[in-house]
Amino acid sequence: MKHWYKILGSILLLYVAIFSLLHPLKPSLVQVDVSALHAGYNRIAFTGYYTHFNESKTEAGITLGNHFFTGDIQVEDNNHLAVTFDLPDSLPSTAVVFRVHNEQDGELALVQAMGMGDIVIDTTTDTTNFGTYARMEAKSAFGFPDLPIIYETIRNLNWHVPMWFTMFFLMIVSFVNSLKLLRVRNSENHLEDMLKFDIRSTLLNEVGLVFCILGLITGSLWARYTWGDWWTKDPQLNGALVVFLVYAGYFVLRASVEDADKRARISAVFNLFAFVLMFVLLMIMPRFASGLHPGKGGNPAFSQYDLDSSLRTVFYPAVAGWICLGYWMYNVRLRAKLLKEELKSMEN
Amino acid sequence: MHKEFQLDMRKKQVLFGILLFVLSSVYVCYLSLERIDSAKTLSALFWLVGLFGAFHAMTKSFSQEEQGSHFLLYTLASPRSIWLAKGIYYSLLLVFLNLLSSALFTLFFGAEIWEKAGGWLFAFIIFGSFGLGTALTFLSAMAFKANGSSGLNTVLGFPILMPFMQSLSMGTQEVLNGGDWGSVGLYLIILLGLTLLSAVLALFLVPFFWKG
């Protein structure tokens with residue numbers, strides 16, 4: 001079975017595509033139906049996401065600092081409820097948070113810009129007679145973690161991160177091929193051996209660079225939806241861009257050498273250099289600096305605190321699947337290249 | 001190794017070229033800025049002059065070699081010692097270049113731009129020069145071997161020098177704002193680590209492409 005990895009890769013990626021897009025998130029609060037609050041009577045309908053409003057006793061309302069405004073709650077179904085309550089004529093600030101909590105879903109909060117209608121904002125408002133708010137600890141639930149800012153984009157973890165794993169895998173194999181190339185001793189067919197390793201490491205880098213670009217694109221999209229910008233100043237992002245430029249430089253270097261023997265040797269040397277640099281830039285340097293990308297001051301990725309078991313069941317297959325696919329892509333490129341060379345030599 | 005040093009010292013025009021380069025680039029900075037009031041600007045300008053000066057020096061040096069005047073030396077000495085000699089020589093040259101450019105910055109912009117900077121500035125100049133010198137000597141040697149000219153070294157060099165430049169400019173900013181070991185130490189350690197890494201890699205890899 002020499003095609004096992006192609007089959008495995010396809011199955012894994014199919015599983016990942018389905019599961020990473022369909023598997024539910026942990027419960028969260030997604031919407032409230034009002035855009036302004038009013039002095040006196042208010043009615044707010046909350047929309048939850050994978051929540052259990054019906055199944056366990058739920059409290060809902062708005063908080064302001066540690067004050068809680070709540071009232072009569074009408075539960076419609078597990079994801080919808082409405083609350084009616086009264087607000088005073090004046091409040092100390094506009095920093096309201098919409099909250100729902102129950103035993104099953106734990107603490108759910110939504111921060112949203114809100115108009116204050118006819119409520120007077122006065123920092124000197126006496127708050128002593130507002131009710132106080134008691135937090136409720138979340139129970140563990142099975143689902144993708146619902147992290148603030150990230151929400152549904154957590155699914156991108158299964159696409160963005162495996163790109164880098166695959167790139168690393170391909171670059172490592174390429175690194176090994178370059179090492180082998182430099183270890184070729186003078187013998188009768190040493191040139192042939194060298195060119196064999198040269199083609200392999202070049203094509204591996206080529207496919208690796210494709211995954212690097214895909215990683216940059218998926219990362220950039222993710223950054224847009226979580227940090228609000230396509231690119232930010234962050235050591236991990238700098239490192240990724242430098243890696244991209246260095247490997248692009250590898251191809252420029254190759255293009256500028258005419259002699260095949262010399263090209264093989266020089267690009268192998270550069271490849272070793274580039275690989276070690278990549279390792280340092282992506283795996284070591286970011287740990288010392290601060291930035292937005294997860295994993296500062298520790299593992300350069302999601303740590304155990306935000307990557308829970310349900311996400312792992314999709315994430316690890318995704319990594320394995322993409323690596324299989326990457327190797328398959330390389331294999332196709334290699335066969336095409338060898339056939340092309342054969343064709344060229346037949347023409348001559 | 002000693003001989004290499006002597007040979008390079010003889011190339012007066014390289015030295016003059018660098019002098020002229022530093023002078024004119026600092027003067028251009030002066031013409032367009034007139035005064036520098038933030039540590040960010042100063043450290044960026046200072047290291048930009050340093051970076052381009054390094055490329056300039058390297059390009060000059062390797063284009064001299066096309067004439068083949070050192071051919072005999074290269075057949076006699078081992079590639080490692082040639083690289084080492086060149087690396088050390090260029091690092092020292094860059095130390096000189098950066099000291100010169102800091103003197104020129106003082107001349108044009110006044111001594112008050114450095115007023116908060118302590119002795120750590122010299123640490124950065126020395127570490128930075130050795131870092132850039134080490135990595136760039138290796139890359140330029142490779143670029144030179146690749147196609148006989150050194151135009152390629154900018155393509156290969158800029159991305160690889162980026163991490164060096166980042167810690168240099170950030171660290172120098174801290175120094176210029178009066179930082180002590182607590183705030184600049186990390187940058188120095190990163191710089192030292194990167195320098196050692198490229199030195200070790202270069203020592204290991206140079207023999208593989210120097211032949212022929």
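The values are calculated or read from the model by the stated rules, or taken from the named source; none is laboratory data. A quick note: this is a predicted structure, and the numbers were derived from the prediction, not measured. Counting neighbours? That spans all protein chains shown, and the Cβs are built from the backbone with ideal geometry, glycine included. Please note that ligands, DNA and RNA were not included when accessible areas were found on the heavy atoms of the full protein model with its side chains. Shrake-Rupley method; radii C 1.70, N 1.55, O 1.52, S 1.80 Å.
Counting only alpha carbon atoms, the long axis of helix A:260-279 and the longest principal axis of chain A meet at about 20°. Using the Cβ-Cβ distance between A:Asn348 and A:Asp77 with R0 set to 60 Å, the FRET efficiency works out to roughly 0.20. Protection proxy ranking of A:46-59, B:121-134, by the mean of other Cβ atoms within 10 Å over each peptide's residues and highest first, is B:121-134, A:46-59. If you take the Cα centroid of region A:1-45 and the Cα centroid of region B:86-112, the two points sit 57 Å apart. With heavy atoms of protein chains only and a 1.4 Å probe, what residues of region B:184-212 have at least 30 Å² less accessible area in the full set of chains than alone? Residues losing area: B:Leu186, B:Ile190, B:Leu194, B:Leu197, B:Leu201, B:Leu205, B:Phe208, B:Phe209. Neighbours of B:Ser183, meaning other residues whose beta-carbon lies under 13 angstrom from its beta-carbon, give a summed charge of -1 when Lys and Arg score +1 and Asp and Glu score -1. Mean separation of Cα pairs under 8 Å and 6 or more residues apart, divided by the residue count, gives region A:151-347 a relative contact order of 29 percent.
Using a Förster distance of 35 angstrom, determine the FRET efficiency expected from the C-beta separation of A:Gln31 and A:Lys233, and round it to 0.05. All intermediate terms of the calculation are to be shown ahead of the outcome.
Details: r = 33 Å, r/R0 = 0.94.
For R0 = 35 Å, the calculated efficiency reads 0.60.
Using only the Cα atoms of region B:138-188, build the gyration tensor, take square roots of its eigenvalues as a ≥ b ≥ c, and label the shape rounded, prolate or oblate: rounded if a/c is under 1.5, else prolate if a/b is larger than b/c, else oblate. Prolate is the answer for region B:138-188, as a/c is 1.5 or above and a/b outweighs b/c. Averaging the sequence gap over all C-alpha pairs within less than 8 Å and six or more residues apart, then dividing by the number of residues, gives chain A a relative contact order of 18 percent. Peptide A:264-271 shows a mean partner chain C-beta count of 5 within 10 Å per residue C-beta. Largest first, the three principal axis extents of the alpha carbons in region A:151-347 are 59, 30, 26 Å in whole numbers. Between A:His52 and B:Tyr27, the distance separating the two model label sites (each 7 Å from Cα on the Cα→Cβ line) works out to 7.9 nm.
Counting Lys +1, Arg +1, Asp -1, Glu -1, what net charge surrounds A:Ala318 among other residues with beta carbon under 11 Å of its beta carbon?
Numbers: positive: A:Arg155, A:Arg312; negative: none.
Counting the neighbours of A:Ala318, the net charge comes to +2.
The alpha carbons of region A:28-132 give a radius of gyration and a Dmax of 13.4, 41 Å, in that order.
Overall, the anisotropy analysis places the protein assembly as shown in the oblate class: the square-rooted eigenvalues a ≥ b ≥ c of its C-alpha gyration tensor yield a/c not less than 1.5, with a/b not exceeding b/c. Counting only alpha carbon atoms, the long axis of helix A:190-226 and the longest principal axis of chain A meet at about 10°.
Place a +1 charge on the Cβ of each Lys and Arg in the protein assembly as shown and a -1 charge on the Cβ of each Asp and Glu, then give the dipole magnitude about the Cα centre in debye, rounded to the nearest 20.
Details: 40 positive and 42 negative charges, 657 e Å.
My answer is approximately 3160 debye.
Of all DSSP-defined beta bridges confined to region A:28-132, some 90% are antiparallel rather than parallel.
The C-alpha atoms of chain A define a longest principal axis, and helix A:309-347 lies at about 30 degrees to it. Pairs with C-alpha atoms separated by more than 28 Å, drawn from the list A:Lys180/B:Lys145; A:Lys26/A:Lys57; B:Lys40/B:Lys60, are B:Lys40/B:Lys60.
The A:Asn331 and A:Arg224 beta-carbon pair, evaluated with R₀ = 56 Å, returns a calculated FRET efficiency of approximately 0.95. Packing, as the average of other Cβ atoms within 10 Å across residues, places the peptides A:222-233, A:159-170, A:85-96 in the order A:159-170, A:85-96, A:222-233, highest first.
What's the average, rounded to a whole number, of partner chain beta-carbon atoms within 10 Å of each residue's beta-carbon in A:249-261? Intermediate values should be presented prior to the final figure.
Values: counts 10, 1, 0, 5, 8, 1, 3, 8, 5, 2, 3, 0, 1.
For this peptide, the per-residue mean of nearby foreign Cβ atoms is 4.
Here the sum of -39500 (n - 2.57) over DSSP H runs of 4 or more residues, divided by the residues of chain A, equals -17000 deg cm²/dmol at 222 nm, to the nearest 500. Each part reduced to its alpha carbon centroid, region A:210-281 and region A:49-96 end up 50 Å apart. Interface area, chains A and B: about 2400 Å² of buried accessible surface, summed, with a 1.4 Å probe and ligands, DNA and RNA left out. For the segment B:155-166, counting C-beta atoms of other chains within 10 Å of every residue's C-beta and taking the mean gives 5.
With unit charges on the beta carbon (Lys/Arg positive, Asp/Glu negative), name the residue among A:Ala318, A:Leu12, A:Met194 whose Cα is farthest towards the positive pole of the charge dipole of chain A. Going by the Cα projections, it comes out as A:Met194.
Counting only protein heavy atoms and a 1.4 Å probe, tell me what percentage of region A:28-132's accessible area is made up of carbon and sulfur. The nonpolar share, carbon plus sulfur, comes to 48 percent.
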